[in-house]
1. Contour minus end-to-end for GLU117 and ARG60, with contour as 0.36 nm per residue of separation and end-to-end as the Cα-Cα distance?
2. Among ALA53, THR21, LEU156, pick out the residue whose Cα is farthest towards the positive end of the charge dipole of the chain, where Lys and Arg carry +1 and Asp and Glu carry -1 on C-beta, about the Cα centre.
3. Provide the net charge surrounding ARG79, with neighbours chosen by a C-beta distance below 12 Å and charges set as Lys +1, Arg +1, Asp -1, Glu -1.
4. Taking 8 Å as the Cα distance limit and 6 or more residues as the minimum spacing, I'd like the relative contact order of region 115-175 as a percentage.
5. In region 88-130, which GluC sites (Glu not before Pro) are in a loop and have at most 16 other Cβ atoms within 10 Å, using DSSP for the loop call?
6. At q = 0.13, 0.19, 0.23 Å⁻¹, what log₁₀ I(q)/I(0) does a Debye calculation on the Cα points of region 84-167 give, no solvent, two decimals?
7. Can you tell me which of THR69, THR108, THR21 moves the most in a GNM of the chain? Springs connect C-alpha atoms under 10 Å apart.
8. Most mobile of VAL152, VAL128, VAL99 per a Gaussian network model of the chain (Cα springs, under 10 Å)?
Amino acid sequence: MTEFDPAPESDDTERRWQTGTDTFGRVYDVVLGVTEPTPHAEIAELANCSPNAAKKHLDRLVEMGIARTDRESRPTTYRRDDGYLEWQDASRIASDLSVESIIDRVETLEARRAAYEAQFETTDPAAVDVFEHDTHDRIHERMAAVSEWQGVIRALRLYELARQLSENDGHLLPA
């Protein structure tokens, strides 16, 4: 090979996983990216492990509340538990900000939510017909506004959860 030859192609798994990532870590990473119910054999393929190893680790992730399963489907399917991701985000907010900062952010988010509700005359972003206008620009504006509104609702949920965690020493309810 001369210095001008192209670099040899490496195995895809080398690029996908950091050196030293164990099987559990790879299955964990894959399941966090799974939004649709997915059979364990497909997760195993993505995680570069055997189906038996994937199933073992997926069952453990279900027990931990990180993944969900549908054992009624054939084959059994798994997907991430979005509640786990929200809990992680809220915990991070609670550890990064003071209770006062969180309360201030909640007040700001509530005002933004109220403004969207007044603008669209509903409390539910899903009830908004973004296509009720003729121009592409107006439709795009409404779609962007509804998307931002949904983001405000999610953020409000996270900051409220973070407030509860901060006020109760990491618990949802006072001890």
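What follows is calculated from the coordinates using simple rules that are stated; it is not laboratory data. The structure displayed is predicted, hence computed values, not measured ones. With ideal geometry, Cβ positions are generated from the backbone for all residues, glycine too; neighbour counts draw on all protein chains shown.
1. Numbers: separation 57, 0.36 × 57 = 20.52 nm, distance 4.17 nm.
Full-extension gain reported as 16.3 nm.
2. It is ALA53, whose Cα lies furthest towards the positive end.
3. Charge balance in the 12 Å sphere: -3.
4. Values: 24 pairs, mean separation 11.2, N = 61.
Reported as a whole number, the value is 18 percent.
5. GLU121
6. Taken in order of the listed q values, log10 I(q)/I(0) reads -0.49, -0.81, -0.99.
7. Largest GNM mean-square fluctuation: THR21.
8. VAL128
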